[in-house]
Amino acid sequence: MPELPEVETVLRGLAPHMEGRRIVSARISGKRLRFPWPENFAARLEGARITALTRRAKYMLWRLDNGFSVLSHLGMSGRFTVFPGAGGKVRALGEFYFHDAAGREAGPHDHLILSLDDQTRVIYTDPRRFGFFDLLDTRELSAHPMLRNLGPEPLGPRFTPAHLAGAFHGRRAPVKTALLDQKTAAGLGNIYVCEALFRARISPRRRAASLAPSGGVTKRIERLAEAIREVLREAIAAGGSTLRDHARVNGESGGFQQHFSVYGREGEACDVCARPIRRIVQSGRSTFFCSHCQK
DNA sequence: CGGGACTCCTGCCAGC
DNA sequence: TGCTGGCAGGAGTCCC
């Protein structure tokens, strides 16, 4: 699921419910996600006040007032759901394997239940368990191995055509692959890379270096940088894209999948030239594009 | 060093 | 209807 717009959507959904609130209880399933749960994770959350929620690339950060920060990643199928106030039952349930502080059952794919001081409950669900949580000293945040090597935020001031040209210079990989590299643009994933390349009319198969032959900015590079920002802004405005798992924290779907030009549209007519959209595999991932419009 | 293959895990869907 | 194989939004690691 989650690329930058989906994480941003989740963050904006969570922030009004979580910022300023104290965590009364934290319960974990104990089932291993991508990594084992940090030592004393739940205990260090309990009693802490959440002072700020922020995002970096596809990571979410919760700053706590006890000197710790939570780092979370949704993996492929992670979602957060908010139950404001006292709330009722969690959801229709199959098998149960852990309980929240009030003894209510969690679903089989629920892994974290937070109860906040206004009785709001926040539940993290992740069937594929590719997501993870880490807990670290807030002062050491930027040194975290997952955050240390990230490139600029594509919607931030450091993401410029010059940066993109530098990232592509001498790079033999296809531009599609280079854009998935989080050092190039932190937070891009398969969907938005395909969509941005279509908008910029650049073939995903073209070698990255060919867009910046001398390492300098070109028209294509400028077009691509703008296309990336544009598609991300529009996707955020639509609440992200829901293929299967992504949901807003109130359970509603995102809406941007309605606006895909190429992603998931193999064989359908290109909106511009009406020729069929093609699907190829690059680095083991599906790429969708129009070979007539994208050169 | 760059880049591709492989890995973690479950659910879903197409095809037989 | 029911099974099987392939595929899925991520990203670190290993190996050439």
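Looking only at residues in segment A:34-60 that are more than 13 Å from DNA strand C (Cβ to nearest atom) and on the phi > 0 side of the Ramachandran plot, which one is nearest to the chain's Cα centre (by Cα)? Looking at the filtered set, the residue picked out is A:ASN40. Taking the criterion of being within 15 Å of DNA strand B (Cβ to nearest atom) and assigned to a helix (DSSP H, G or I), the residues of segment A:164-182 that qualify are A:LEU164, A:GLY166, A:ALA167, A:PHE168, A:VAL175, A:LYS176, A:THR177, A:ALA178, A:LEU179, A:LEU180.
The residues on offer are A:ALA235, A:ALA185, A:ALA274, A:ALA196, and the sole one that is hydrophobic (A, V, I, L, M, F, W, C), farther than 21 Å from A:SER77 by Cβ and part of a helix (DSSP H, G or I) is A:ALA196. Of the residues making up segment A:209-245, just one is among the aliphatic types (A, V, I, L, M), under 22 Å from A:LEU4 (Cα atoms) and within 15 Å of DNA strand B (Cβ to nearest atom), namely A:LEU243. Considering segment A:134-150, the residues that are over 15 Å from the mean Cα position of the chain (by Cα) and outside any helix (DSSP H, G or I) include one that is farthest from A:LEU74 (Cα to Cα), namely A:ASP137. Hey, does segment A:21-33 have a residue that's within 11 Å of DNA strand C (Cβ to nearest atom) and modelled with pLDDT under 95? Yes; the residues of segment A:21-33 include at least one that is within 11 Å of DNA strand C (Cβ to nearest atom) and modelled with pLDDT under 95. In the set A:ALA225, A:ALA185, A:ALA208, A:ALA212, only one residue is among the aliphatic types (A, V, I, L, M), in contact (Cβ under 8 Å) with a residue 40 or more places away in the chain, surrounded by 18 or more Cβ atoms within 10 Å (Cβ to Cβ) and within 11 Å of DNA strand C (Cβ to nearest atom); that residue is A:ALA185. Within segment A:255-276, the set of residues being among the hydrophobic types (A, V, I, L, M, F, W, C) and in contact with a Phe, Trp or Tyr (Cβ under 6 Å, 6 or more places away or on another chain) comprises A:VAL262 only. Set side by side, the residues A:ARG55, A:ARG22 differ, and just one is within 23 Å of A:GLU252 (Cβ to Cβ) and basic (Lys, Arg), which is A:ARG55.
The values are calculated or read from the model by the stated rules, or taken from the named source; none is laboratory data. Computed from a predicted structure; not experimentally measured. So basically every Cβ, Gly included, is an ideal-geometry build from the backbone, and we count neighbours across all protein chains shown.
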